[in-house]
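Everything on this sheet refers to the single structure shown next.
The values are calculated or read from the model by the stated rules, or taken from the named source; none is laboratory data. This is a predicted model, so every value here is computed, not measured. Here Cβ is always computed from backbone atoms with ideal geometry, including for glycine, and neighbour counts include all displayed protein chains. Quick note on the areas: whole protein, heavy atoms, side chains included, nothing else; ligands and nucleic acids left out. Shrake-Rupley method; radii C 1.70, N 1.55, O 1.52, S 1.80 Å.
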Amino acid sequence: MSSYVIRQAKVLGEKVADIAIEDGVITAIGTDLTVNGATEVDAKGLVALPGLVDLHTHVREPGREDAETVLTGSKAAARGGFTCVHAMANTDPVADTAGVVEQVWRLGREGGYCDVQPVGAVTIGLKGEQLAELGAMADSAATVRVFSDDGKCVSDAVIMRRALEYVKAFDGVIAQHSQEPRLTEGAQMNEGPLSGELGLTGWPAVAEEAIVARDVLLAEHVGSRLHVCHLSTRGSVEIVRWAKSRGINVTAEVTPHHLLLTDDLVRSYDPIYKVNPPLRSDDDVQAVREGLADGTIDIVATDHAPHPMEDKECEWSAAAFGMLGLETALSVVQQTMVDTGLLTWAQVADKMSAKPAEIGRVRNQGRPLEVGEPANIVLVDPQATRLIDARNTASLSRNNPYAGLTLPGEVVATFLRGRPTVSDRTLVEAVTV
Ligand SMILES: [Zn+2]
């Protein structure tokens with residue numbers, strides 16, 4: 001297997017050092033390293049981070065291979081600096097059996113661009129009625145530890161309680177899409193003055209907050225792990241902050257788009273901005289940034305949600321919910337959190353690599369950049385700026401809400417266990433597994 005010496009990278013944005021990679025493992029970090037036959041990688045001015053881990057990706061396979069496949073989603077992930085993504089269960093068929101999760105897991109391995117860790121459905125068919133085969137999915141080759149009906153909320157409190165109880169046996173976690181269904185019937189955008197002005201049915205913050213509040217109390221009662229998906233309101237941040245202060249075992253994620261974009265964009269009636277949960281107010285954006293900075297929100301997760309253009313190029317109310325996110329996540333986090341002084345690169349590594357791997361109980365991902373660890377590494381050029389072009393993507397879909405914006409930062413290289421998946425700012429065409 002090839003060896004590499006990454007020259008003069010800023011490790012975690014701090015100390016400048018060389019990193020040696022042999023047989024897929026980091027074998028040395030220091031100055032003036034020499035490894036016989038190694039390929040030299042000039043990383044002067046680049047920040048080295050551990051390979052990113054996403055806890056919330058939609059790869060659409062099986063069932064909607066026109067929107068994305070495990071392979072194309074993996075390529076988009078590699079371009080974004082990710083070495084592991086969690087594939088959500090709302091596929092067709094739903095990932096509610098050992099058979100489907102093993103299929104997704106195997107496709108990820110065959111692709112070789114990143115580890116694809118399947119998320120299992122909480123309930124059969126995401127119907128919210130009967131628990132799926134949680135134990136069988138946990139015991140399968142895919143070793144599922146994260147369970148979610150994402151796209152739908154487990155709204156029945158008894159089912160949610162049983163799910164929390166069941167996953168304790170294998171240290172699993174329920175990742176909840178917090179959306180009270182009755183309060184969001186027909187909802188199209190954030191409820192507020194603007195929804196009234198635009199004549200679109202409002203999606204109140206309380207529809208999210210009521211479920212977050214209920215679930216942290218259920219998690220406390222059961223003594224189990226709860227993860228709050230794509231938290232989006234100031235009230236949700238406050239509830240999670242309270243729950244943590246009380247010692248409740250809850251973690252939470254925020255998406256890049258909820259860190260940057262506001263509901264004001266809906267004025268355009270462009271369905272590219274239609275997403276679930278909806279883009280919120282400026283005040284909510286400030287609150288989620290503060291929550292991420294102070295540790296109330298544990299991680300950034302993309303909620304990468306590919307849709308073919310026919311599902312987006314239509315009138316607002318008929319359009320699908322969702323946005324792409326894998327290839328732009330790090331840039332949005334740089335702009336909103338690093339360049340604003342709210343987070344250091346070391347903290348970004350924690351929130352986009354170490355913590356998501358820990359919540360998902362993924363071994364050998366989210367590891368520190370240290371000797372003896374797997375060589376999952378991303379090199380970022382923080383000085384670069386790029387004009388986002390929706391056509392420049394490895395995804396099969398084009399629903400990119402940042403198209404036309406200039407964002408900071410660019411992924412120069414991504415290594416998965418010592419093999420480059422991205423090299424010289426370009427996707428490696430064939431990764432040998
Ligand atoms: Zn969701």
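Structure values in brief
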| item | result |
| --- | --- |
| Local electrostatic count, THR344, Cβ distance below 12 Å [Lys/Arg +1, Asp/Glu -1] | -1 |
| Contour minus Cα-Cα distance for ALA169 and ASP156 (0.36 nm per residue) | 2.5 nm |
| Base-10 log of normalised Debye intensity for the stretch 267-334 (one unit scatterer per alpha-carbon) at q = 0.12, 0.20, 0.25 Å⁻¹ | -0.39, -0.94, -1.18 |
| The chain: calculated mean residue ellipticity at 222 nm from DSSP helix runs of at least 4, using -39500 (n - 2.57) | -7000 deg cm²/dmol |
| Projected area, mean over directions - the stretch 86-235, Cα convex hull, nm² | 9.8 nm² |
| Segment SER268-MET309, extension gain: residue separation times 0.36 nm, minus the distance between their alpha carbons | 13.0 nm |
| Largest to smallest principal axis extent of the C-alpha atoms in the stretch 48-161, angstrom | 45, 29, 25 |
| Most to least accessible of LYS152, LYS312, LYS355 (protein chains only, probe 1.4 Å) | LYS152, LYS355, LYS312 |
| Kirkwood Rh, angstrom, the chain [1 / mean 1/r, Cα pairs] | 21.5 Å |
| Over 27 Å between alpha carbons, listed pairs LYS152/LYS244; LYS312/LYS355; LYS75/LYS274; LYS127/LYS351; LYS10/LYS75; LYS127/LYS244 | LYS312/LYS355; LYS127/LYS351; LYS127/LYS244 |
| Separation of the ASP139 and ARG425 label points, Cα + 7 Å toward Cβ, nm | 5.1 nm |
| Accessible-area order (highest first, 1.4 angstrom probe) of the listed residues CYS314, CYS84, CYS153 | CYS314, CYS153, CYS84 |
| Virtual spin-label span in nm between ASP389 and ARG182, 7 Å along Cα→Cβ | 5.1 nm |
| Compactness of the stretch 332-433 - radius of gyration and Dmax, Cα, Å | 15.0, 42 |
| Gain upon complete extension [ARG246, ASP92; 0.36 nm per residue less C-alpha separation] | 51.5 nm |
| Pairs of Cα atoms farther than 15 Å apart, the stretch 152-236, % | 58 percent |
